[in-house]
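S.K.: The structure follows.
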Amino acid sequence: MTPARVAVVGGGISGLAAAYRLRRLLGDAAAITVFEQGSRLGGKLRTVELAGRPFDVGAEAFLARRPEAVALATELGLAGQLTHPTAARATMRAGGRTSALPPRTLMGVPADPGAVADVLSEEGARAVAAEPGLPRPALPDGDVALGALLRERFGDELVDRLVDPLLGGVYAGGADGLGLRATLPGLAAAVDSGAGSLTAAAAAQLPGTPAREPVFATLTGGLGSLVDALDKHAAADVRLGTTVRALDRVPGGGWRLTAGAAAPGHAPAEAETEADAVVLAVPAPAAARLLGGVAPGAAAALAEMELASMAVVALALPPGTALPDASGVLIAAGERHRDGTPFTAKAFTFSARKWAHVAPDGAPPLIRGSVGRFGETAPLRATDDELVRLVRADLAELTGVSAEPVATLVTRWGGGLPQYAPGHAERVARAERAVAAVPGLAIAGAALHGVGIPACIATADAAARRVVGR
């Protein structure tokens, strides 16, 4: 038999996981080609060297309670690198003060009104306490805007001070632009099952006692170790700096991919590659463009999705610099310095506190500041030097730490985070139905069923099995 030829478009975690699974399913003889527009593999997984230490400047961790990422790391021989956060607790800046992140909330929706009182005004706390006494929430069959529902039930303050900062860390977007069923499906399911309030619905989703197993995990060598291992074991023909510009069917049921250089001088001006099957693991707008002629229903659905941009400002501080006894701090939108200057950062991760392996004794403490919310582009127009200055000023205001860094790095993620707007699940279902009707074609990635690493791996595995099975 002629060896299978499969093209994977996109060299992020989804594309690499798909290429790896294809190799395992198809064997050594298969010709697997990965097209990546950028100059490196990994997408939003990027580990750099900062002050002599490996440091993640994209995704820094993954949910350990979902099995996919832990299982894949173990399968690749990386189990010895798996590690979990320290006991340091997160904090948040809201209402002009910094306090501990409240326990027992579901993305900020409280299972106990008293748990969130410290981050709210007296009026805001009363509004939250009154929610269980409101008429039982009734949800339509379709999705609803998360922000509108929470503001109606709890008032604005809970959303602005707690829910939005937490959602901003995941989607770089706020509750007003995200869908309930897309972002908090468990909460919606509890309401659909008869929960008398959103407070009761949140309580139904949380364990009665704190779970013993860690929520998050990462790799001591950085998540770039996962990228490197997938690249090695996939043994694919990787074409960096190459953009797939067109995808067409060919007689007999195969595919033709027309690719060109992402920038002048990086690849032939235009080249064609034929394949028996194709996996698209690129952001929704790029997938929509490629699918227009072969699965127009999928292209239309994916074209409706919007993306957010952000930047990570990594700082290595002088050895011995004291950091707060916390894993980090979330910053609510609208918070200001004492002089009235608005904060630029939306969050800080005190990585040297959060992860024991990041900064051993005597090493420069490493931290990261995150900048960028959906619809707020002004901070991202600053130069790298200006972003470092602004983020350092935020750090000094929040913590008193003003030491001159020994190393800095700004990493920008343009259009990197899909927004799960109301109706997201329905849009994804439309796209997947349209793609399923086309033999030898599959889609994967963060635009589908979750933006986290385990969710991306799950879509990649499903895509690989689909094209092999067809």
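S.K.: Kindly list the number of the only condition in (1) in contact (Cβ under 8 Å) with a residue 60 or more places away in the chain; (2) among the aliphatic types (A, V, I, L, M); (3) in a loop (DSSP other than H, G, I, E, B) that fails for A345.
M.R.: It fails just one condition, (1).
S.K.: Same structure again: Being surrounded by fewer than 20 Cβ atoms within 10 Å (Cβ to Cβ) and of a type outside the set (D, E) is the filter here; which residues of segment 306-325 pass it?
M.R.: Within segment 306-325, L307, S309, P318, P319, G320, T321, A322, P324 qualify.
S.K.: Here is a further query. Give me the strands (runs of 3 or more DSSP E) completely within segment 156-266, filtered to those with at least 1 residues that are touching an Asp or Glu at 6+ places or on another chain (Cβ under 8 Å) and of a type in the set (S, T, N, Q), ordered by residue number. Please lay out each step first, then the result.
M.R.: Working: elements: 216-219, 237-240, 242-249, 255-261.
Answer list for segment 156-266: 216-219, 242-249, 255-261.
S.K.: A further question follows. Counting only residues that are in contact with an Asp or Glu (Cβ under 9 Å, 6 or more places away or on another chain) and of a type outside the set (K, R), give me the helices (runs of 4 or more DSSP H) lying completely in segment 348-463 with at least 3 of them.
M.R.: The helices (runs of 4 or more DSSP H) meeting that bar are 424-436.
S.K.: Could you grab me the full set of residues in segment 195-235 that are farther than 26 Å from D164 by Cα and either acidic (D, E) or free of Cβ contacts under 8 Å to residues at least 60 places away in the same chain (or both)?
M.R.: Selection gives R212, E213, D228, D231, K232.
S.K.: In this structure, does G369 turn out to be at pLDDT below 95 and of a type in the set (G, A, S)?
M.R.: no
S.K.: What is the one condition in (1) of a type in the set (A, V, I, L, M, F, W, C); (2) touching a Pro at 6+ places or on another chain (Cβ under 7 Å); (3) crowded, with 20+ Cβ neighbours inside 10 Å; (4) not assigned by TED's automatic domain parsing to the domain that holds A18 that A403 does not satisfy?
M.R.: Single failed check for A403: (3).
S.K.: Let me ask you something else. Taking segment 147-181 as the search range and keeping residues that are of a type in the set (A, V, I, L, M) and over 12 Å from M107 (Cβ atoms), which one is surrounded by the fewest Cβ atoms within 10 Å (Cβ to Cβ)?
M.R.: A148
S.K.: Across segment 88-129, what is the total count of residues that are farther than 30 Å from V358 by Cα, out of contact with any strand residue (DSSP E or B) (no Cβ under 9 Å at 6 or more places or on another chain), outside any helix (DSSP H, G or I) and among the aliphatic types (A, V, I, L, M)?
M.R.: Within segment 88-129, residues that are farther than 30 Å from V358 by Cα, out of contact with any strand residue (DSSP E or B) (no Cβ under 9 Å at 6 or more places or on another chain), outside any helix (DSSP H, G or I) and among the aliphatic types (A, V, I, L, M) number 1.
S.K.: Evaluate the following for A94: is it at pLDDT 95 or above and closer than 30 Å to A201 by Cα? Talk me through it step by step, then tell me what you get.
M.R.: Details: at pLDDT 95 or above: no; closer than 30 Å to A201 by Cα: yes.
Taking the combined requirement at face value, the residue does not satisfy it.
The values are calculated or read from the model by the stated rules, or taken from the named source; none is laboratory data. Nothing here was measured: the structure is a model prediction, and the numbers come from that model. Heads up, the Cβs are rebuilt from the backbone with ideal geometry, glycines too, and the neighbour counts pull from every protein chain shown.
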